[in-house]
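One structure below.
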Amino acid sequence: MSSSYPYAHAPTVRLTVGQALVRFLTQQYSERDGDERRLIAGTFGIFGHGNVAGVGQALLQNSVDAKEDDAMPYWLMRNEQGGVHAAAGFAKETRRRQTLAVTTSIGPGATNMVTGAALATTNRLPVLLLPSDQFATRYPDPVLQQLEDPRSLDISVNDAFKPVSRFWDRINRPEQLMPSLLAAMRVLTDPAETGAVTICLPQDVQAEAYDWPQEFFSRRIWHIPRPAPDPTALERAVAAIKAAKRPLIVAGGGVVYSEASEVLREFASVTGIPVTDTQSGKGAINFDHPLAVGGVGSTGNSAANALAAQADLIIGIGTRYSDFTTASHTAFARPDVKFVNINVQAFDAAKNSATMVVADARAALVALQEQMAGWHTDDAYQQEAAGLWDEWNDVIEQCYHRGHEPLPAQTEVFGALNDELAERDVIINAAGSMPGDLQCLWRATSPDQYHLEYAYSTMGYEIPAALGVRLAIGDEDRNVVAVVGDGSYQMMPMELATIASEGIKVIVVLLDNAGFASIGALSESVGSQRFGTKYRMRDASSGRLDGAPVPFDLAANAASWGVKVVRSDGIEEFRSSLRTALDGEESVVLYIETDLTGPNPPGSSWWDVPVSETSTLQSTTAARAAYEQGKRDQRHHL
Ligand SMILES: Cc1ncc(C[n+]2csc(CCOP(=O)(O)OP(=O)(O)O)c2C)c(N)n1
Ligand SMILES: [Mg+2]
């Protein structure tokens, strides 16, 4: 087989696969609503023998040769997983119009990205993953870090990316790169299909030269569509809404990604339909909109959940109906409740046996509003919603200003953050007890403010995501604040070093409660007595981890990465350190100890976590009885 393009009439350029890859990526643009941007705005990487000579050499050559438009910025992260999280954070911040690539070596460098890939795909966020792979020629097999599967020499550890990628390919010959990259760009920019895109690059192929057709490297624009609703589907949706007395909107991430917030606000005002939100959708409607009623579901508030329980129609917009949104299929409790789902992906639109409107959220809302002209819900219903929301706002105030002693409740920290963050500052969080508190308490003023990864809920996402968000917003005058628990912090603190070396500003709020407030409370509720959920020394007499506090110092650890750390003793000190950090120029970790056991915001819902059916422990038997009671309200919407 020749190493050049067969079509004799095309001018060609001789480059390695690595060089061709980088050159191609610099020429890809996305476009939506006339806004053109570089699709792959940069590359995170860690080099090993798999990519140092191929993609690594190409990135070096680009940094030497490229003019401004052709440049591919490169950042060295500390952990490959952190690079993917940063790319996902970047993509979320840019509303999926742009993302980053991540290049790794083979073996562990590659598989370190699998969790990040799953996060991206679960959250429907585009990321481009470029793991290296074992030799295509197989001459030196088994190469260092090669798996070797006796059943098939074609299997490598990179096959582990297949279930967590929306597009997956392996480039065993240079020319395969052309159709593969074109298919990859389409998936990255398709709002219904997007997620992790993985292109595996055998280390020998990366360095191989080929005569590429020049037109492969021409500037290419990928138009991100806004699919319009099918008119008959829209008619069915309009009829369903007009027939409802107590309709309720669930606004999901799709509203934010489609930049449909303004249209949603207007639609709510005109139709008088109250709007609840999910973790990805919070801020889609501003909390002080007269029809906003906040977070719904397992960690939702009493107002949204009371309305959900009595709604006769749920209008889900851009939501995937996670179990937290549906309270494990107990939130929408009326026997006759029906659903209208607007979603760019048919898979989501079809959930709960809904009247499906497969369309872009903004396009569908505009069309819907036109056809709903003159119709609105009863005043009494709107007043009921507003009254319930007022009541919940009193609860928010209590949670935000508890004055809990000796250590503050973490809700007081959120109160300070909610007061101090500006409208377009970003708060980032992903796992622990914090997402639940934020879901029911946070008063989001804009769709930019609330950045929660609660589809994969990955401990360790927060710090690298803050790095990605900061890279996305550049030197815009906005603060990026990652809130991280002590458990999450210990999973992935090392990207603080990347933040320090890049000299960029993020604020990390590190809440140290010496354990898992989240899983601890859950453990107690399922009768497992907080077993193994505290960071404590092993106690000689009990044999368990319930001895003295572990003598580690997370604040000192944070400082060791090269960022400034400020310890706050109590909530007033925290408020003032926060103000200083927000006004300042440099990255700061704000460290504060909080109470492991709350007090937590009052719950108003359920979450299905099965409790042991048989046990010798009284705590478990009692929890099982409560669990069986909870199951009685669970249903399919058929
Ligand atoms: C990578 C990963 N492992 C395990 C879990 C399960 N999990 C959810 S929350 C949590 C504890 C989080 O502890 P911390 O960050 O201290 O937050 P807290 O619960 O104290 O608020 C665990 C282990 C997870 N979400 N992600
Ligand atoms: Mg903790």
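The values are calculated or read from the model by the stated rules, or taken from the named source; none is laboratory data. None of the values given here were measured: they were computed from a predicted structure. As a convention, Cβ positions derive from the backbone with ideal geometry for all residues, glycine included, and neighbour counts pool all protein chains shown.
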Against the condition surrounded by 18 or more Cβ atoms within 10 Å (Cβ to Cβ), in a loop (DSSP other than H, G, I, E, B), touching a residue at least 60 places away in the same chain (Cβ under 8 Å) and away from ligand 1 (no atom under 12 Å from the Cβ), how does residue 562 come out, does it pass? no
Residue set 402, 424; condition at pLDDT 95 or above, out of contact with any His (no Cβ under 7 Å at 6 or more places or on another chain), more than 30 Å from residue 472 (Cα to Cα) and among the basic types (Lys, Arg); output residue 402
Selection from region 140-183 of residues that are among the aliphatic types (A, V, I, L, M), closer than 30 Å to residue 222 by Cα and surrounded by fewer than 20 Cβ atoms within 10 Å (Cβ to Cβ): 160, 178, 182, 183
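Just the residues that are polar (S, T, N, Q), more than 14 Å from residue 633 (Cα to Cα) and outside any loop (DSSP other than H, G, I, E, B), please, taken from region 311-347. Explain how you work it out, then say what you get.
Applying the first criterion (polar (S, T, N, Q)) to region 311-347 yields 319, 322, 325-326, 328, 330, 341, 343, 345.
Adding the requirement that they be more than 14 Å from residue 633 (Cα to Cα) leaves 319, 322, 325, 341, 343, 345.
Residues satisfying the conditions are 325, 341, 343.
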Just one of (1) farther than 30 Å from residue 97 by Cα; (2) under 17 Å from the mean Cα position of the chain (by Cα); (3) polar (S, T, N, Q) trips up residue 488, so point out which. (1)
Region 61-90, residues that are surrounded by fewer than 24 Cβ atoms within 10 Å (Cβ to Cβ), of a type in the set (A, V, I, L, M) and within 27 Å of residue 172 (Cα to Cα): 71, 72, 76
Among the candidates 610, 601, which residue alone is crowded, with 18+ Cβ neighbours inside 10 Å, assigned to a loop (DSSP other than H, G, I, E, B) and either modelled with pLDDT under 95 or not hydrophobic (A, V, I, L, M, F, W, C) (or both)? 601
Take residue 273 and tell me if it is outside any loop (DSSP other than H, G, I, E, B), hydrophobic (A, V, I, L, M, F, W, C) and more than 21 Å from the chain's Cα centre (by Cα). no
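Each row is one residue, and each column tells you yes or no for (1) more than 15 Å from ligand 1 (Cβ to nearest atom); (2) more than 18 Å from residue 278 (Cβ to Cβ); (3) touching a residue at least 40 places away in the same chain (Cβ under 8 Å).
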position	(1), (2), (3)
444	yes, no, yes
451	yes, no, yes
462	no, yes, yes
467	yes, yes, yes
483	no, yes, yes
If we scan region 246-265, do we find a residue that is in a helix (DSSP H, G or I), under 25 Å from residue 33 (Cα atoms), charged (D, E, K, R) and within 30 Å of the chain's Cα centre (by Cα)? yes
Take the conditions modelled with pLDDT of 95 or more and in contact with a Gly (Cβ under 8 Å, 6 or more places away or on another chain) and apply them to residue 514. Does it pass? no
Test: residue in region 492-507 that is near ligand 1 (Cβ under 10 Å from one of its atoms) and hydroxyl-bearing (Ser, Thr, Tyr): no
Go through region 9-60 and give me each residue that's under 19 Å from residue 172 (Cα atoms) and touching a Lys or Arg at 6+ places or on another chain (Cβ under 7 Å). 15
Quick one: how many residues across region 511-526 are more than 15 Å from residue 430 (Cβ to Cβ) and touching a Ser or Thr at 6+ places or on another chain (Cβ under 9 Å)? 9
Can you find even one residue in region 573-590 that is in a strand (DSSP E or B), within 16 Å of ligand 2 (Cβ to nearest atom) and within 27 Å of the chain's Cα centre (by Cα)? yes
Residue 582: surrounded by fewer than 19 Cβ atoms within 10 Å (Cβ to Cβ), aliphatic (A, V, I, L, M), away from ligand 1 (no atom under 16 Å from the Cβ) and farther than 19 Å from residue 299 by Cβ, yes or no? yes
Yes or no: residue 445 part of a loop (DSSP other than H, G, I, E, B), under 24 Å from residue 577 (Cβ atoms) and either within 17 Å of the chain's Cα centre (by Cα) or more than 16 Å from ligand 2 (Cβ to nearest atom) (or both)? yes
Just one of the numbered conditions (1) more than 14 Å from ligand 1 (Cβ to nearest atom); (2) hydrophobic (A, V, I, L, M, F, W, C); (3) under 18 Å from the mean Cα position of the chain (by Cα) is not true of residue 430; which one? (1)
Going through 41, 20, 58, 10 one at a time, which residue ends up being in contact with a strand residue (DSSP E or B) (Cβ under 7 Å, 6 or more places away or on another chain) and surrounded by fewer than 15 Cβ atoms within 10 Å (Cβ to Cβ)? 10
On the basis of being closer than 29 Å to residue 419 by Cα and out of contact with any helix residue (DSSP H, G or I) (no Cβ under 7 Å at 6 or more places or on another chain), does residue 323 make the cut? no
Scope region 483-527; condition in a loop (DSSP other than H, G, I, E, B), of a type outside the set (A, V, I, L, M, F, W, C) and within 13 Å of ligand 2 (Cβ to nearest atom); matching residues: 513
Number of positions in region 459-482 that are within 16 Å of ligand 2 (Cβ to nearest atom) and either touching a Cys at 6+ places or on another chain (Cβ under 9 Å) or more than 19 Å from residue 565 (Cα to Cα) (or both): 2
